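The values are calculated or read from the model by the stated rules, or taken from the named source; none is laboratory data. In this text, all values refer to a predicted model and were calculated from it rather than measured experimentally. Here the Cβ is made from the backbone with ideal geometry for all residues, glycine too, and neighbour counts use every protein chain on show. Only protein heavy atoms, including side chains, enter the accessible area calculation; ligands, DNA and RNA are left aside. Shrake-Rupley method; radii C 1.70, N 1.55, O 1.52, S 1.80 Å.
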Amino acid sequence: MTLPRDYRGQTCALARSMEIVGERWTLLILRDAFYGVRRFGEFAAHLGVPRAVLTDRLATLTGAGVLERRPEPGTGRREAYGLTPKGVALWPAVRALTAWGEEFHPAEGGPRRVFRHSGDGAPLAPDGRCVECGASVPAGDVLVAPGPGLAPADPGDDPVTAALARPHRLLTPLITHAPAGRPTRGSRR
């Protein structure tokens, strides 16, 4: 039995928010969008999400104005997804859920990815402030870097996993060229 998408009888803002971002896979799609994933195939390969589910989640996010589809420059028919200002406003929630997971459900070996202030390279505290300068760092000034728990690179890694093995500024395209072939294997996210 499929659960309904709405919370009938609930009139609070949290219930309305969950109708948009509360379905399985949605927050991971948003996380990847912050990382700079732009193309449908990249989301599919990195997340290992069924394509029909990904299509549905992307449609919900674009319909709600969290993501937008735009023609990818220089590719003709290809389209790319990008976060809108409404989507970027979700960064504190995505960051907070990540920090909560690191504190209460840590990965063996430590975090797979760490967030740093691009201005001074210092780590971010769980509340999003730079531990060095004390600034509240907006998503566009966050550098995501490999953490101690990230597994070594594997030749079979999908293009997103391979690109995330290097420090990268959030909200900038992670892969700037179309991959040569469709990856057949999911990642170790």
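Assorted remarks:
- Between GLY134, GLY140, GLY156, the distinction of being at pLDDT 95 or above, open to solvent by less than 40 Å² (accessible area, probe 1.4 Å) and assigned to a loop (DSSP other than H, G, I, E, B) belongs to GLY134 only.
- Taken over the stretch 33-85, residues that are small (Gly, Ala, Ser), in a loop (DSSP other than H, G, I, E, B) and closer than 21 Å to PRO159 by Cα amount to 3.
- Restricting attention to the stretch 97-131, the residues that are small (Gly, Ala, Ser), open to solvent by 50 Å² or more (accessible area, probe 1.4 Å) and within 17 Å of the chain's Cα centre (by Cα) total 0.
- Among the numbered conditions (1) over 14 Å from the mean Cα position of the chain (by Cα); (2) in a helix (DSSP H, G or I); (3) among the aliphatic types (A, V, I, L, M), the only one that VAL94 does not meet is (1).
- Note on the stretch 160-178: residues that are closer than 16 Å to ALA80 by Cα, assigned to a helix (DSSP H, G or I) and open to solvent by 20 Å² or more (accessible area, probe 1.4 Å) amount to 0.
- Candidate set: the stretch 159-189, residues that are touching a helix residue (DSSP H, G or I) at 6+ places or on another chain (Cβ under 8 Å) and among the hydrophobic types (A, V, I, L, M, F, W, C); chosen: the one modelled with the lowest pLDDT: ILE175
- All conditions in (1) modelled with pLDDT of 95 or more; (2) open to solvent by 40 Å² or more (accessible area, probe 1.4 Å) hold for GLU79, with the sole exception of (1).
- When residues of the stretch 11-29 are limited to those that are within 13 Å of VAL49 (Cβ to Cβ) and within 14 Å of the chain's Cα centre (by Cα), the one surrounded by the most Cβ atoms within 10 Å (Cβ to Cβ): ILE29
- Inter-residue pairs, beta-carbon under 7 Å, first within 16 Å of TYR35 (Cβ to Cβ) and in the stretch 89-108, second open to solvent by 50 Å² or more (accessible area, probe 1.4 Å) and at pLDDT 95 or above, 6+ apart: VAL94/LEU27; LEU97/LEU27
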